[in-house]
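Worksheet: the structure to be examined is printed underneath.
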């Protein structure tokens, strides 16, 4: 015999998240069988009735909240109802608490001013669904804040509008879909801990900027600012609105002695204008490097480089810290037969690998950017959550067509706290599957990180090396090695 | 909450988005207003301080026909299968009726029993069933079936007394073709496989299950159109 009772809270609204929490915590009490916490509409009364949860004599209206409890004894049920009522009341008092976090840009500005009036807010980081991002960005810009906009899926019309507004006010609007920036030494989004130096970077590509900046750190050059502008800034539509402003700011920045742009090749007319602008800056004495992925390397007033590695080497040299990217010793000279499969978490790193495999004469390589929307749909980016890639790495072991696996490993702020471990486990599984079939798998990769990154560069590298991964100093070197081994070193 | 003869005015900040028949104010004003309302004396109503006269711009909140992408539909549909049980109440029960409701609306079949089961049904102060119905109404309009949506809306109106005051407001607007900004954000997910993930993420942020319930309705409404183009 069980007991059933209810309590009605006339005209009481609580949001559904709070109701769900109250219902499940009440249901978890000893001796409680089932709990319902719903608005007393006719349809819900009918559902209660069907599920034998309708106490006799319950009278309530649609705007009343009713909590129904079924439990072992009358006493247990009464106590559970008391607890639920107490929880409802505490939700109410928490709601009134003035200490809740700021929920809008305006509240954030007020809160920071209240905390320390000498250090007012200067930048808003926006990471909300793209539909709303432009509205919030506009608000921030009108309040005099720079904007770092991580949100993607922002309509291009909105991007043009807010960037126009930002330009008018001489404020940065980094993004939308801006993954990486380092402003005054503060990393935003996905960024490595890069030493301060003299190279100012303007980047329309996230992991591209990470690879270039961490190589500058390796060279000892370091960066002054890394300004992300979002992947569409150099499209014909957006026309470099933010790149122009970023270049203005870097030109005026006393700490910047070299300027590098990292991007896919811009739209034709945009590229012409940008190169002319960079040439003019170079004539005034600041060396400029255009790192346009896939472009042909040329040396003129502007140094143009077609790879991230090439861009980093040129920028490091211009900053007086030549970067030595020696071929590591003890590299393999042969590889198992089979095609090259690239499983990447960094989009620009994947593009660079694709490009160099093609240049190396590899025609059957498959390089996947697992951070693309196509693969993430509703799941976290693989730089944050390495599991999706690990599954694919493990599966590659059962694919008889694959001989060489090509990987990136991105560490730094924003990235997974230990991306190497799931990769190492998956490589173990892949190798076991291949061996069971009488095959081998060669794994080549590079780590995009600096010694100061929180994950520990040496530790992450050590884990990969322990799993037999051949590590090269740059992503480009990894791709070149894969191409060479595939075309000339494949064992029969 | 509302006495007889009073009208509900939903005031939102721009972070939430507009709702039909509502009013959107700038963040500092919203914060002040919320503070004043929290301190209100229930007997006297709210005193609102410091509002300046301003230009009021009406917004068009109708959902109109769009190009629906079949891959986007699949992605959105997959996102609506997650359960979200609240004690004895699981909104998947209401979501399960969405397709049948959309089909009946298109075919001009009898929807009375389905609506009786859905309106006011399920967890939340805007019960899940109401979100499903509002979603179906939006989905039908996105699919270009505005007449079917209007007919279904006409069947919904007489049943509004069966749900909560907060929900009545949204559902009445939906029945006459107007939808909150957040519904528009979900409908936009139908356009392409690239726009779908943002809609799925947005849905997850509306209430405990409201966004997903809405999405289930939208997908059901949008799916029954014969004119879905193949994904590129």
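General remarks:
- Convex hull of the range A:228-298 built on C-alpha atoms - directionally averaged projected area, nm²: 4.6 nm²
- For residue B:59 and residue B:204, the difference between the fully extended length at 0.36 nm per residue and the C-alpha to C-alpha distance is 49.7 nm.
- Cα gyration tensor, the range A:412-481 - rounded (a/c under 1.5), prolate or oblate: oblate
- Per-residue mean of C-beta atoms belonging to partner chains within 10 Å, peptide A:127-134: 6
- Pairwise Cα separations in the range A:249-354 fall into 10 Å bins from 0 onward with the following percentages, short to long: 13, 37, 31, 13, 6, 0.
- Extending 7 Å from the Cα toward the beta-carbon at both residue A:127 and residue B:70 defines two label points whose distance is 3.7 nm.
- Cα-based convex hull volume of the range A:293-371 per residue, rounded to whole Å³: 128 Å³
- Cα gyration tensor shape of the protein assembly as shown, rounded if a/c is under 1.5, else prolate or oblate by comparing a/b with b/c: prolate
- Per-pair calculated FRET efficiency, R0 = 30 Å: residue A:29 and residue A:387 via Cβ, rounded to 0.05: 0.30
- Using 0.36 nm per residue and subtracting the Cα-Cα separation, the extra length available between residue A:89 and residue A:298 on full extension is 68.2 nm.
- Whether the range A:350-492 is rounded, prolate or oblate, judged on the alpha carbon gyration tensor where a/c under 1.5 counts as rounded: rounded
- Spin-label pair residue A:364/residue A:46, simplified geometry with 7 Å Cα→Cβ offset, distance in nm: 6.3 nm
- Rounded to 10°, Cα long-axis angle of helix A:130-142 versus longest principal axis of chain A: 80 degrees
- Extension reserve of the residue A:113-residue A:2 stretch, reckoned as 0.36 nm per residue once the Cα distance is removed: 34.2 nm
- Per-peptide packing, taken as the mean over residues of other Cβ atoms within 10 Å, places A:401-407, B:59-65, B:111-117, A:205-211 in the sequence A:205-211, A:401-407, B:111-117, B:59-65 from highest down.
- Compared with the dominant principal axis of the Cα atoms in chain A, helix A:420-436 is inclined by about 80°.
- Approximate spin-label separation residue A:236-residue B:34, in nm, with each point projected 7 Å along Cα-to-Cβ: 4.4 nm
- For residues of B:164-170, the mean tally of beta carbons on other chains within 10 Å: 4
- Divide the volume of the convex hull around the Cα atoms of the range A:99-154 by the residue count and you get 70 Å³ per residue.
- Here is the size of the range A:3-93 from its Cα atoms: Rg then Dmax, 12.0, 35 Å.
- Peptide packing: for A:217-229, A:313-325, B:118-130, the average count of neighbouring Cβ atoms within 10 Å per residue gives the ranking B:118-130, A:217-229, A:313-325, highest mean first.
Read-outs: derived from the displayed coordinates by stated rules, not from any lab. Quick caveat: nothing in here was measured; it's all calculated off a predicted structure. Don't worry about glycine lacking a Cβ; one is built from the backbone with ideal geometry, like all the others, and counts go over all protein chains shown.
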